[in-house]
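The next block holds one structure in the form of structure tokens; read it before the comments.
Please treat every number below as a calculation from the coordinates, not as lab data. These numbers were taken from a predicted model, which means no experiment stands behind them. So basically every Cβ, Gly included, is an ideal-geometry build from the backbone, and we count neighbours across all protein chains shown.
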Amino acid sequence: MPMIPAVRGTRDILPGEIERWQFVEDVARRLFERYGYAEVRTPIIEREELFAKGTGDTTDIVQKEMYTFTDKGGERITLRPEATPSLVRAFVEHSLEQQMAVPKLYCLGPMFRYERPQKGRYRQFHQLDVEVFGVHDAWIDAEIIDLAWSLVSELGIQGSELLLNSVGCPVCRPAFTAALVAALGEDVKRLCGDCQRRAATNPLRIFDCKVPADQAIIDRLPHTIDYLCAACTAHFDQVKRHLELYGISYRISHRLVRGLDYYTRTTFEILIGSLGAQNALLGGGRYNGLVKALGGPDRTGIGFAAGIERLVLALPEDASIAIARPDVFVAAIGDAARLEAVRLVKQLRSAGFKAQLDDEGRSIRSQMKTADRLKAPLAAILGDNELTKNEVTMRDMASGEQTSIGRADVGEYVRLAMPRVKPPLEAAPRGQ
Ligand code: AMP
């Protein structure tokens, strides 16, 4: 039978790499919770219209990248390409603002986009997503950016850069769009087909273009921040002042319009050079009209999404990640000892230790080899001699030193030995 491979653009995350994912997820959860965020889990499937309306039907995501199908009931269903519209839907559907003083939400899980797969870009990928609803003040923009920055730095990721921009609001956007179209003039005919379409439907999206031949023209176009209304200018100034308060440096990037239609005012991204072409670790911004556009009250929103694959790729080689290994390997010689070993393993597991047993009744030599391969720091050895004396031989796997202890004292021995024999954190092999 030929093997059935995984779908293009999807991948298995295997032991050896999964520890790095768990590390990223643990650091993120603890950090988000310190900042007052509560986890929400929304479904992976949503109605197609949620993204057509939410993400925006002139965006690349909606036009080219969504996995949408008609289910058996005739409903148009989409595998979520991003989390923000789903969190907005949940916020509205469950009137979360009545239950939470400041709705600060986070979620994590798989997203789906039909993109050309390459390093750091997949068709099923995973995001950590953070959103806050109902806060107008610029301090929250800076706090969210501080949260994103802290995530990257608490993961020990070096060499990242924060990009910042403001894309204005419905008051100032029309003047900017008009200036953009005017500045393009006849050059629009020299742009790619997508950009010509964007110029007619949603000119701001021209900044998303990646076609090399278009870049020189796009680089000469006007900047959103030169067209901000007074309120947007004041907001942007405040965001920058607060970032200085946090001691976070940034670079203004005029091209940062973030590929989605719902952004207003602040947009930001954190990039890292070491990832090559797919260099955005995370990105986000403010979206003041989205909650209302999705049928909710007129509430502001702001958030960001980080790609877990990219955070994992960017982790330092020597990140402090505990590798999966047992605390104790229980070895047994002979049938009677094997029965006692089963009891001992169960007892150790119940006491909270990671304990493993030889599954196949092999020789003591090969059991010790297995203990080494599993990197267990301790082995508990049971044989006829130990059974007669009601003892267990404890072996320090690194030094080879052996000690006999009473059968009843094993749990306590392991507990006391743990900090001695087991460094709490250890680098895991780097995943590909
Ligand atoms: P976006 O929702 O496009 O702003 O993406 C937010 C973050 O998700 C990006 O900065 C990436 O880290 C990650 N991301 C987006 N698309 C992909 C993809 N196809 N594969 C892997 N990560 C992705």
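Bridging of residue 354 to lysines at a Cα separation below 30 Å is possible for 346, 369, 375, 389, 422, once same-chain residues fewer than 8 apart are set aside.
Its alpha carbons give the range 328-421 an Rg and a Dmax of 11.7, 32 Å. Between residue 388 and residue 274, the simple label model (points 7 Å from Cα in the Cβ direction) yields a spacing of 5.8 nm. Take each peptide in 274-285, 190-201, count the other Cβ atoms within 10 Å of every residue, and average; sorted highest first, the result is 274-285, 190-201.
For the chain, compute the orientation-averaged projected area of the C-alpha convex hull (one quarter of its surface), in nm². Here the figure is 27.7 nm², rounded to one decimal.
When 180, 311, 348 are arranged by Cβ crowding within 10 Å, least crowded first, meaning fewest neighbours, the order is 180, 348, 311. Only helices enter this figure: runs of n ≥ 4 DSSP H residues, each worth -39500 (n - 2.57), summed and divided by the residues of the chain, yield -10000 deg cm²/dmol at 222 nm to the nearest 500.
Run the numbers on the chain and let me know its relative contact order in percent, using alpha-carbon pairs under 8 Å that are six or more apart.
Details: 745 pairs, mean separation 72.3, N = 432.
After rounding, I find 17 percent.
When ranked by the protection proxy of mean other Cβ atoms within 10 Å per residue, highest first, what sequence do the peptides 13-22, 325-334 form? Don't skip to the end; give the middle numbers.
Details: 13-22: 15.4, 325-334: 23.1.
Ranking, from highest mean packing down: 325-334, 13-22.
Bridge orientation summary for the range 328-421: considering DSSP beta bridges with both residues in this region, about 55 percent are antiparallel. Among the cysteines of the chain, 107, 169, 192, 195, 209, 232 have no other cysteine beta carbon within less than 4.7 Å of their own. Treating r as the C-beta distance of residue 178 and residue 298 and R0 as 25 Å, the FRET efficiency rounds to 0.45. Partner lysines whose Cα lies under 30 Å from the Cα of residue 104, excluding those fewer than 8 positions away in the same chain, are identified as 53, 240, 292.
Report, in debye and to the nearest 20, how large the dipole of the chain comes out about its Cα centre when Lys and Arg carry +1 and Asp and Glu carry -1 on their Cβ. Don't skip to the end; give the middle numbers.
Working: 56 positive and 57 negative charges, 130 e Å.
Value, rounded to 20: 620 debye.
Measuring max minus min along each principal axis, the C-alpha atoms of the range 226-321 give extents of 46, 32, 25 Å (largest first). The alpha-carbon atoms of the range 1-99 define a convex hull whose volume equals 174 cubic angstrom per residue.
Quick one: order 24, 414, 171 by neighbouring beta-carbon count within 10 Å, fewest to most.
On the way: 24 25, 414 22, 171 13.
Fewest-to-most ranking of 24, 414, 171: 171, 414, 24.
For the peptides 87-97, 28-38, the ranking by mean Cβ contacts within 10 Å, running from highest to lowest, is 87-97, 28-38.
Taking the beta-carbon count within 10 Å as an exposure proxy, list 235, 242 from fewest neighbours to most.
Numbers: 235 23, 242 19.
Going from sparsest to densest Cβ surroundings: 242, 235.
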